[in-house]
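To start, the structure under review is shown below, and the notes come after it.
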Amino acid sequence: MEKIKSITTAKKLFEAGAKIRIVPNKINPNNIWGLCADIKKMDSNSIQTMDDVRYCNDFNFIIDNFKHYNCNNETGLYLHFYLLENN
């Protein structure tokens, strides 16, 4: 797992089809109890509804919602991004 330095790079990798792990900044990304999400853009064959496009392929929508529900003073106020090796 390699840390991604910026959200812009994470978005470009996501759009290219890479699997990205998002984690609040105070949480260890390798902890089994850690608060993280692995996201990957769906290919066109997997999309069945318009909701799939919004919920699974809109990077900003995913990030904003994850941040809203999971970032706070205890877990961290911003996100770290990691590129997973086994895409």
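The values are calculated or read from the model by the stated rules, or taken from the named source; none is laboratory data. Not measured: the values here are computed from a predicted model. Every residue, glycine as well, gets a Cβ built from its backbone with ideal geometry; the counts of neighbours run over all protein chains shown. Heavy atoms of the whole protein, side chains included, go into the accessibility calculation; ligands, DNA and RNA do not. Shrake-Rupley method; radii C 1.70, N 1.55, O 1.52, S 1.80 Å.
The residue list I27, I62 contains one member that is at pLDDT 85 or above, among the aliphatic types (A, V, I, L, M), surrounded by 13 or more Cβ atoms within 10 Å (Cβ to Cβ) and not in a loop (DSSP other than H, G, I, E, B), which is I62. All of (1) open to solvent by 90 Å² or more (accessible area, probe 1.4 Å); (2) modelled with pLDDT of 85 or more hold for N70 with one exception: (1).
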